[in-house]
Amino acid sequence: MSVDIGDYVGLSAVMLCIGLAGVLLRRNPLIVLMSIELMFNAANLALVAFSREWVNNAGHIFVFLVVTVAAAEVAIGLAIVVSVFRRAQNVDVDEVASMRG
Amino acid sequence: MIGFYVLAIVLIASAVFTISQKSPVYSVVGLLANFLTLAALYVTLNAEFLGVVQVVIYTGAILMLFVFVIALLSSGIGPFTEGPDRLPRILVPALLSVAVAFGFLIFSVLHAPLTPMPEYVADPARATSELGPAGDPNVFGSVGDFGRALFTTQLLPFEVTAFILMVAVIGVVLIAGDAAPQATRGRHVARKPAAQREPIVKASK
Amino acid sequence: MTTALHYSPLLPTLWLLPLFGAIALWAFGPQLRRNAGYVGSAVVLVSFACALALFGEATLPGNPVRVPLVSWGPGFDLGLSLDPLSLLWTLVITGVGGLIHIYSIGYMWSDRAIARFFAYLNFFVFSMLTLVLSDNLVGLLVGWGLVGLASYFLIGFWFYKPTAVAAARKAFVINVFGDIGIMFALFALFAQTHSIAFNDIFAKVATFSSGFVLLACIGLFIGCAAKSAQVPLHTWLPDAMEGPTPVSALIHAATMVTAGVYLIARFAPLWSTSPAAQELVGIVGALTMAVGAILAMGQWDIKRILAYSTMSQIGYMIMGVGVGAYQAGVLHFFTHAFFKAQLFLGAGLIIHALHDEQDVRKMGGLYQRMPFAFWAMLLGTLAIIGFPLFSGYYSKDAVIYGVLEHGHPVLYGMAVGAACITAYYMFRMIFIVFFGPYRGDVPDALLAIAPAATAAEPQEHVAHAPDWLMQAPVAVLMVPTVIAGYVSIGGANSPWYRYFGNLFGGADTAPVAAPLIPEFGSTALVLVLVALGIVAAYVRYGAPAAQAAAIDRLRRETLVMPARLRYLLWFDDAIALAIVRPSQALGGGISRFIDPHVIDAGVRDVAWVAGALGLAFRALQSGLVRAYALTIVIGAACFIAYFAYIGVPR
């Protein structure tokens with residue numbers, strides 16, 4: 001096969017960094033959560049690639065776990081977003097800065 | 001191989017599309033494309049079960065959740081409005097740090113040797129012995145293979161996922177449910193209608 | 001030079017008893033009140049008895065009574081040692097001290113703080129005993145410092161008098177200056193011998209280079225000069241007369257100021273190896289002797305006359321031990337203790353009777369009114385000028401001739417001249433105080449007395465002590481004033497010389513040159529000059545014509561007093577200019593500039609930095625999620641970079 005594992009891992013790295021940039025640069029909380037999902041998926045891709053490389057099941061199980069945890073995390077994250085911004089004027093991550101020192 | 005590069009380009013493009021759209025609905029669509037492409041990539045990596053899991057759970061559940069929350073937040077307020085940018089100079093440092101991380105990741109990918117596992121060094125034939133066509137329940141990556149692992153050697157993670165999900169459900173109900181009645185515990189006070197309750201987050205900062 | 005341990009429990013007893021007395025009197029002063037005097041005197045007299053009891057044991061040749069106290073390490077052993085030299089000093093301190101204690105009961109009878117006075121006196125006795133009984137340099141230095149402290153306490157006893165406080169401070173500061181010299185010598189000697197004990201130091205004297213010996217001797221002598229009021233560190237002694245008269249008698253005449261003499265005598269083995277150091281000491285002693293005599297000629301305060309005479313006599317002693325005539329110098333200390341205490345106590349009788357009048361111009365005609373005081377002062381005067389058959393005659397002649405024997409003709413001439421001047425000013429005092437009409441009720445202006453003269457000693461005259469308390473000690477002192485010198489009759493075979501034995505080294509202190517004048521010739525010369533002095537004083541003050549016109553004479557003399565004498569040869573002014581003003585300027589400069597701008601500013605700046613850092617770090621807590629996320633990403637990037645770096649082979 002001419003597609004070696006390095007390509008997959010590199011692709012994963014690219015996706016990770018795109019997600020990272022999204023987290024840092026966007027102010028809509030929903031978009032931020034979506035960027036976090038991107039990062040999760042990048043990790044999943046890397047896991048699956050290595051799992052294929054060593055022909056080992058454990059990687060798949062790990063991906064399964066990651067998906068589950070990501071789902072749970074998204075659920076709770078969205079619940080927080082909903083409760084915080086339910087009656088707010090702006091939907092802006094910068095507005096929830098009441099913990100400033 | 002061409003397929004890989006096509007899928008890769010679509011993956012990256014959809015990711016960039018996701019993070020760069022003003023409207024969250026467009027971002028959700030981009031994310032959808034991303035997930036589907038990712039599922040295809042899993043299949044090329046012999047992880048067919050995971051590919052299906054990806055579609056069903058990620059696109060089928062998580063994305064739907066996103067859509068519903070967008071709908072919920074859009075009601076009564078209007079188009080999504082964002083306040084003034086309080087961190088206008090974050091662009092350069094953010095891109096810089098992301099670039100640094102990316103650079104080093106690529107550097108290690110290009111130069112780090114992937115040492116084979118000891119059992120493959122001893123017996124190179126094993127590297128491909130378990131692979132086979134998709135659909136065969138005994139090959140690597142199939143449902144049967146995955147299920148066998150899940151319920152025997154990796155049983156604990158499986159149970160833990162159940163626990164995690166339960167915690168998530170309880171958490172969601174607690175966080176996003178109606179305003180907690182603790183304030184009126186012991187006292188029977190009629191709750192004010194939604195429009196008259198105080199906002200959780202004060203309007204102007 | 002190891003001596004077998006010759007222990008006696010009497011030695012630590014006599015040393016510590018005054019300390020306990022002082023503590024008891026400090027603690028129970030308010031309860032004891034006047035009884036403190038009896039307690040204090042009893043304590044000192046018991047110490048005297050102990051010292052007497054140890055007489056036989058302490059004078060065994062080469063085998064002093066020794067009491068080791070503490071050992072802090074190799075070469076650092078503290079202990080007490082009673083050999084003939086320290087025994088002599090101990091007897092004088094406790095004996096004369098005891099008499100003065102008794103005298104003080106009467107003198108301080110109506111003073112409210114009498115208990116504190118006796119506590120301080122006992123503390124002084126303890127400190128002085130520490131000084132003379134130590135067998136090591138550290139103990140001596142401790143005693144040295146403590147007597148300075150006791151002197152400070154006692155000079156400034158009447159602390160509500162600003163002049164007394166200033167005088168106490170002056171004495172203390174000058175003494176501290178001397179302490180530096182001794183400390184330097186101590187460090188140097190310890191560095192060379194790795195031991196503080198005298199025996200160890202003396203055993204190694206032969207190994208010292210002459211430069212080192214000179215340096216050590218100079219260091220020691222700076223201390224002596226401060227403590228024994230040698231020129232130019234003498235300016236504190238006249239001012240120390242601000243203290244009560246018993247204090248002046250005990251501390252500033254008989255004992256503390258002789259500590260320098262003791263030090264030089266104790267270090268005789270060291271001094272004998274350095275002719276240069278001896279020359280220095282001799283010259284300084286002679287200068288002091290001369291300056292003291294000259295300045296005494298122009299004093300009007302009876303205590304100051306005696307103070308300058310003390311300074312002059314100590315100059316004699318220092319000169320004597322300095323040139324190597326150790327036995328002579330110490331003999332003069334011995335006799336001087338008696339007759340100077342006598343003179344001061346007699347002066348105290350006069351001052352007390354005249355209700356704190358100290359100016360001799362206001363005295364006169366006391367020959368009839370106070371015969372006892374007259375005879376006491378006269379005996380003391382005859383002793384101090386060296387009148388034949390009195391104690392001072394023997395000791396002064398021994399010193400003067402000793403100077404000539406050891407080859408210092410110039411110093412000899414100065415000593416002889418000073419003897420003449422001594423006779424003059426002492427008889428001047430006698431004639432002015434005791435003869436002629438009584439001038440107590442003459443207005444001050446008529447006698448040209450400036451209003452701001454030395455303040456009289458304040459005493460509340462509530463009650464009067466019984467007379468015998470003050471007169472008995474003076475009477476007792478009359479005896480040794482006359483006969484104390486007889487122990488030295490017989491030259492090298494006299495009891496005095498044999499008492500010291502080989503303590504000062506045999507060959508080193510022998511006469512070095514064939515003297516220019518035989519002994520009887522020198523004695524005759526001195527007697528002639530003494531007679532000359534007496535005659536001069538008689539002509540100016542004692543003759544009937546002079547006495548009749550006393551008021552005019554005294555007024556004229558006050559007005560035409562030469563500036564040299566009025567301003568005390570400008571020593572005070574020189575020191576003020578050279579040392580006091582620069583120190584005060586330095587202190588003022590520091591407190592005006594360095595204190596607020598450097599030290600305070602430093603502290604302020606530290607506090608400011610803390611605040612500024614806090615403000616700076618506060619900016620990190622913006623509360624903005626994106627900023628925190630950026631921080632996380634930067635950290636993660638660092639991690640990735642690190643692991644990429646170490647994980648990749650090159």
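The values are calculated or read from the model by the stated rules, or taken from the named source; none is laboratory data. Since we're looking at a predicted model, the values are computed, not measured. Ideal geometry is used to build each Cβ from the backbone, glycine not excepted, and the neighbour counts take in all protein chains shown.
Determine, yes or no, whether C:Phe339 is surrounded by 23 or more Cβ atoms within 10 Å (Cβ to Cβ), in a helix (DSSP H, G or I), touching a residue at least 12 places away in the same chain (Cβ under 8 Å) and touching a Gly at 6+ places or on another chain (Cβ under 8 Å).
Values: surrounded by 23 or more Cβ atoms within 10 Å (Cβ to Cβ): yes; in a helix (DSSP H, G or I): yes; touching a residue at least 12 places away in the same chain (Cβ under 8 Å): yes; touching a Gly at 6+ places or on another chain (Cβ under 8 Å): yes.
Taking the combined requirement at face value, the residue satisfies it.
For the range A:12-41: of the residues being closer than 16 Å to B:Phe104 by Cα and more than 7 Å from chain B (Cβ to nearest Cβ), which is nearest to the chain's Cα centre (by Cα)?
A:Leu16
Every residue, every condition in (1) more than 34 Å from the chain's Cα centre (by Cα); (2) at pLDDT below 70, yes or no:
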| position | (1), (2) |
| --- | --- |
| B:Thr161 | no, no |
| B:Met166 | no, no |
| B:Ile170 | no, no |
| B:Ala183 | yes, yes |
| B:Gly186 | yes, yes |
| B:Val189 | yes, yes |
| B:Val201 | no, yes |
| B:Lys205 | no, yes |
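Kindly indicate the residue of the range C:163-187 that is of a type in the set (Phe, Trp, Tyr) and under 14 Å from C:Gly145 (Cβ atoms) and also modelled with the highest pLDDT among those meeting that condition. Reasoning before the result, please.
Of the residues in the range C:163-187, the ones of a type in the set (Phe, Trp, Tyr) are C:172, C:177, C:184, C:187.
Right, trim to under 14 Å from C:Gly145 (Cβ atoms) and you get C:172, C:177.
Working: C:Phe172: 93, C:Phe177: 89.
Looking at the filtered set, the residue picked out is C:Phe172.
Could you pull out the residue among C:Ile575, C:Ile599, C:Ile640, C:Ile632 that is in contact (Cβ under 8 Å) with a residue 24 or more places away in the chain, of a type in the set (Val, Ile, Thr) and not assigned by TED's automatic domain parsing to the domain that holds C:Val433? Spell out how you get there, then give the answer.
Details: C:Ile599 fails: in contact (Cβ under 8 Å) with a residue 24 or more places away in the chain; C:Ile640 fails: in contact (Cβ under 8 Å) with a residue 24 or more places away in the chain; C:Ile632 fails: in contact (Cβ under 8 Å) with a residue 24 or more places away in the chain.
Being in contact (Cβ under 8 Å) with a residue 24 or more places away in the chain, of a type in the set (Val, Ile, Thr) and not assigned by TED's automatic domain parsing to the domain that holds C:Val433 holds for just one of C:Ile575, C:Ile599, C:Ile640, C:Ile632, which is C:Ile575.
When residues of the range C:79-113 are filtered for being out of contact with any Asp or Glu (no Cβ under 7 Å at 6 or more places or on another chain) and over 18 Å from C:Leu349 (Cα atoms), how many remain?
Qualifying residue count, the range C:79-113: 16.
Considering only residues of the range B:98-120 that are hydroxyl-bearing (Ser, Thr, Tyr) and in a helix (DSSP H, G or I), which is modelled with the lowest pLDDT? Full working, then the answer.
Narrowing the range B:98-120 to residues hydroxyl-bearing (Ser, Thr, Tyr): B:108, B:115, B:120.
Filter once more, so that each one left must be in a helix (DSSP H, G or I): B:108, B:120.
Working: B:Ser108: 85, B:Tyr120: 63.
So, considering only residues that are hydroxyl-bearing (Ser, Thr, Tyr) and in a helix (DSSP H, G or I), the one modelled with the lowest pLDDT is B:Tyr120.
Mind checking which residues of the range C:237-290 are among the polar types (S, T, N, Q) and either in contact with a Leu (Cβ under 6 Å, 6 or more places away or on another chain) or in a helix (DSSP H, G or I) (or both)?
First pass over the range C:237-290, keeping only residues among the polar types (S, T, N, Q): C:245, C:248, C:255, C:258, C:272-274, C:278, C:288.
Selection gives C:Thr245, C:Ser248, C:Thr258, C:Ser274, C:Gln278, C:Thr288.
Keeping to the range C:240-293, report how many residues are under 13 Å from the mean Cα position of the chain (by Cα), modelled with pLDDT under 90 and not aliphatic (A, V, I, L, M).
Number of matching residues: 3.
(1) more than 8 Å from chain A (Cβ to nearest Cβ); (2) within 28 Å of B:Glu82 (Cα to Cα); (3) buried (at least 20 other Cβ atoms within 10 Å of the Cβ): which one isn't true of B:Phe17, the others all being true?
Only one criterion in (1) more than 8 Å from chain A (Cβ to nearest Cβ); (2) within 28 Å of B:Glu82 (Cα to Cα); (3) buried (at least 20 other Cβ atoms within 10 Å of the Cβ) is unmet by B:Phe17, namely (3).
On the basis of being in a loop (DSSP other than H, G, I, E, B) and either surrounded by 14 or more Cβ atoms within 10 Å (Cβ to Cβ) or free of Cβ contacts under 8 Å to residues at least 40 places away in the same chain (or both), does C:Ser8 make the cut?
Yes, satisfied.
Give me the residue from the range A:54-87 that is more than 13 Å from the chain's Cα centre (by Cα), in contact (Cβ under 8 Å) with a residue 12 or more places away in the chain and more than 7 Å from chain B (Cβ to nearest Cβ) and, out of that set, nearest to B:Phe66 (Cα to Cα).
Of everything passing the filter in the range A:54-87, A:Phe62 is nearest to B:Phe66 (Cα to Cα).
Being touching a residue at least 60 places away in the same chain (Cβ under 8 Å), more than 26 Å from the chain's Cα centre (by Cα) and assigned to a helix (DSSP H, G or I) is the filter here; which residues of the range C:344-372 pass it?
Residues satisfying the conditions are C:Arg361, C:Lys362, C:Leu366, C:Tyr367, C:Arg369, C:Phe372.
Within the range B:5-34, can you find the residues that are free of Cβ contacts under 8 Å to residues at least 40 places away in the same chain and among the polar types (S, T, N, Q)?
B:Ser14, B:Thr18, B:Ser20, B:Gln21, B:Ser27, B:Asn34
Quick grid of which residues meet (1) at positive phi; (2) facing chain A (nearest Cβ under 10 Å); (3) at pLDDT 90 or above:
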residue	(1), (2), (3)
B:Leu96	no, no, yes
B:Ala122	no, no, no
B:Gly135	yes, no, no
B:Phe140	no, yes, no
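Scan the range C:25-35 for residues that are part of a helix (DSSP H, G or I) and either buried (at least 19 other Cβ atoms within 10 Å of the Cβ) or not small (Gly, Ala, Ser) (or both) and jot them down. Show your work before the answer.
Taking the range C:25-35 first, the residues part of a helix (DSSP H, G or I) are C:25-32, C:35.
Matches in the range C:25-35: C:Leu25, C:Trp26, C:Phe28, C:Pro30, C:Gln31, C:Leu32, C:Asn35.
Condition check ((1) in a helix (DSSP H, G or I); (2) over 20 Å from C:Ala254 (Cα atoms); (3) of a type in the set (Gly, Ala, Ser)) across all residues:
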position: C:Pro68; (1), (2), (3): no, yes, no
position: C:Leu78; (1), (2), (3): no, yes, no
position: C:Thr94; (1), (2), (3): yes, no, no
position: C:Leu99; (1), (2), (3): yes, no, no
position: C:Ser110; (1), (2), (3): no, yes, yes
position: C:Tyr120; (1), (2), (3): yes, no, no
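Outside any loop (DSSP other than H, G, I, E, B) and modelled with pLDDT under 80: is that true of C:Ile551 in this structure?
Details: outside any loop (DSSP other than H, G, I, E, B): yes; modelled with pLDDT under 80: yes.
Judged against the criteria, C:Ile551 is a match.
May I ask you to list the residues in the range B:142-177 that are outside any helix (DSSP H, G or I) and either facing another protein chain (nearest Cβ under 7 Å) or closer than 19 Å to A:Val82 by Cα (or both)? Full working, then the answer.
If we filter the range B:142-177 for residues that are outside any helix (DSSP H, G or I), which is where we start, we get B:142, B:152-154, B:177.
Passing the criteria: B:Gln154, B:Gly177.
Within 16 Å of B:Leu114 (Cβ to Cβ), at the interface with chain B (Cβ under 7 Å from one of its Cβ atoms) and outside any helix (DSSP H, G or I): which single residue out of A:Val3, A:Val9, A:Val48 fits that description? Outline the logic, then answer.
Details: A:Val9 fails: outside any helix (DSSP H, G or I); A:Val48 fails: outside any helix (DSSP H, G or I).
Testing whether each residue is within 16 Å of B:Leu114 (Cβ to Cβ), at the interface with chain B (Cβ under 7 Å from one of its Cβ atoms) and outside any helix (DSSP H, G or I) leaves just A:Val3.
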